[in-house]
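The values are calculated or read from the model by the stated rules, or taken from the named source; none is laboratory data. Because the structure is predicted, anything quoted here is derived from the model rather than measured. Cβ atoms come from the backbone with ideal geometry, glycine included; neighbour counts cover every protein chain shown.
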Amino acid sequence: MLSPKQQAFDLINKSQNILIILPRDYTPDALGSGLALTMLARDLGKKADLVVQQPVAEKLSFLPGLELIKSEIAPLRDFIISIDTSQKKIKQLRYENKNSVLKIFLAGPDSLEQKDILLEPGPFNYESLITIGAPDLETIGQFYEKHTDLFFEKPILNIDHKSGNDYFGEINLVEPTSSSCAEIITDFLNSFFPNQITAPLATCLLSGIIEETRSFQKINTTPQTFNLASLLITHGAEKETIIQFLYKTKPLRYLKLWGALLKNLELNNEKGLAWIIVELSEFEQLQPSPEDLSSISEEINEMLPQLNASILLWQDQEGSSQALIQSSKPEMLQKLNLDAGGSQKNHRLFLKFVQQDLQTIKSSLDSLINPLL
């Protein structure tokens with residue numbers, strides 16, 4: 001039986017039209033990997049499109065190939081109207097598009113009946129799909145919901161490095177021992193397409209590896225990770241630019257937000273919990289973006305590796321309260337998600353509360369979290 005890598009090579013090799021899709025809430029690793037595979041396919045003379053449903057973060061604006069991104073693909077297929085003209089001839093055809101209704105007018109010497117007309121979908125414009133960093137099809141979000149038939153009719157190459165992947169593809173290039181999707185793809189390209197690793201492509205992949213390993217500091221960094229990163233640098237990957245944008249370029253508002261949140265930090269060393277509460281007045285003054293809050297939450301967990309979880313609570317200008325819980329214990333987040341109801345993404349859980357005091361929410365969450373530690 002062929003290995004997943006060999007199967008992936010065969011699929012890419014025989015497909016002339018490839019659609020590459022990221023999860024709705026994609027990571028920088030998934031974006032860099034998606035751009036790299038899009039560049040590869042186009043360099044091989046294929047048609048390749050990359051679907052990215054959310055705006056690209058400012059810190060990733062340096063990535064080569066961002067102009068390749070599409071938020072929606074239209075049309076994915078044609079719809080065909082067929083008329084049997086063996087017995088009934090058509091002399092004239094015209095159409096009218098008015099008041100959101102398209103009318104097609106047919107005229108001929110013979111009368112037409114409904115049974116003479118057939119409406120059917122044509123073939124999809126893509127031969128194969130590649131998903132990157134999606135643990136399951138549902139995490140792709142609206143694009144999957146709108147085009148479910150595409151995902152069931154076309155072969156899927158599923159690339160991921162998370163152990164919770166559902167293995168939903170016809171081909172599953174899923175390697176939980178790899179640091180990132182970018183590492184998996186780098187190894188794949190080095191095996192099958194070494195001459196196609198250009199400097200822009202290498203930069204995209206190295207950015208994914210660096211971001212997912214926090215610049216080679218996380219425990220998911222292996223000797224293989226270093227070897228492949230070194231390979232990308234020899235191919236022209238711009239390591240200094242990546243580091244500058246991902247870690248050294250911090251807007252002044254971000255640094256101010258950092259200072260304010262650290263001032264509000266409450267540590268429970270016994271339980272391994274870190275609480276940060278941002279009142280409405282502070283939120284209005286600092287105006288943090290969701291990306292800012294997620295980034296700071298992750299950095300706090302890296303600064304304090306002994307934590308079981310960090311909990312960031314804030315009130316927004318719409319009158320609701322929200323919580324971002326980050327933890328290395330996925331089973332704890334899953335249980336909290338069942339108890340409190342929210343949206344879980346990897347090691348993060350987002351919760352929303354309507355018109356509740358932050359201290360009340362803290363007490364409620366504390367009572368839910370403590371039994372799980």
Problem - Those residues of segment 267-291 which are assigned to a loop (DSSP other than H, G, I, E, B) and either surrounded by 18 or more Cβ atoms within 10 Å (Cβ to Cβ) or not assigned by TED's automatic domain parsing to the domain that holds Lys362 (or both), in sequence order - result: Pro288
Handout entry: Positions within segment 94-113 being part of a strand (DSSP E or B) and at pLDDT 85 or above, in sequence order
Key = Arg94, Tyr95, Glu96, Asn97, Lys98, Val101, Leu102, Lys103, Ile104, Phe105
Exercise for the section: Those residues that are closer than 18 Å to Leu372 by Cα and buried (at least 20 other Cβ atoms within 10 Å of the Cβ), I need them from segment 313-331; list them, please. Expected result: Ala323, Leu324, Ile325, Gln326, Ser327
Practice task
Determine if segment 114-122 includes at least one residue that is in contact with a strand residue (DSSP E or B) (Cβ under 9 Å, 6 or more places away or on another chain), in a strand (DSSP E or B), within 20 Å of Ala48 (Cα to Cα) and at pLDDT below 85.
Solution key: yes
Practice task
Within segment 145-194, track down each residue that is closer than 23 Å to Gly122 by Cα, in a helix (DSSP H, G or I) and in contact (Cβ under 8 Å) with a residue 40 or more places away in the chain.
Solution key: Leu150
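Assess whether Glu96 counts as being in contact with a Lys or Arg (Cβ under 7 Å, 6 or more places away or on another chain) and surrounded by fewer than 21 Cβ atoms within 10 Å (Cβ to Cβ). Steps first, answer last, please.
Values: in contact with a Lys or Arg (Cβ under 7 Å, 6 or more places away or on another chain): yes; surrounded by fewer than 21 Cβ atoms within 10 Å (Cβ to Cβ): yes.
Yes.
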Practice task
Output the residues belonging to segment 196-241 that are hydrophobic (A, V, I, L, M, F, W, C), surrounded by fewer than 22 Cβ atoms within 10 Å (Cβ to Cβ), in contact with a helix residue (DSSP H, G or I) (Cβ under 8 Å, 6 or more places away or on another chain) and at pLDDT 95 or above.
Solution key: Leu231, Ile233
Practice task
Run down Leu273, Leu262 and say which single residue is hydrophobic (A, V, I, L, M, F, W, C) and either in contact with a helix residue (DSSP H, G or I) (Cβ under 7 Å, 6 or more places away or on another chain) or at pLDDT 80 or above (or both).
Solution key: Leu273
Handout entry: Answer residue from segment 315-333, given it is touching a residue at least 40 places away in the same chain (Cβ under 8 Å) and more than 25 Å from the chain's Cα centre (by Cα) and is farthest from Asp366 (Cα to Cα) among those
Key = Gln315
Completion exercise
Going through (1) of a type outside the set (A, V, I, L, M, F, W, C); (2) part of a helix (DSSP H, G or I); (3) more than 24 Å from Ala8 (Cα to Cα) one by one, Pro55 fails only at (2)
Handout entry: Of residues in segment 137-163 being charged (D, E, K, R) and more than 17 Å from Gly34 (Cα to Cα), the one surrounded by the most Cβ atoms within 10 Å (Cβ to Cβ)
Key = Lys154
Exercise for the section: Could you check, for segment 197-219, whether at least one of its residues is under 19 Å from the mean Cα position of the chain (by Cα), in contact (Cβ under 8 Å) with a residue 12 or more places away in the chain and in a strand (DSSP E or B)? Expected result: no
Exercise for the section: Scan segment 76-87 and give yes if some residue there is assigned to a loop (DSSP other than H, G, I, E, B), touching a residue at least 12 places away in the same chain (Cβ under 8 Å), over 30 Å from Ala237 (Cβ atoms) and in contact with an Asp or Glu (Cβ under 7 Å, 6 or more places away or on another chain), otherwise no. Expected result: yes
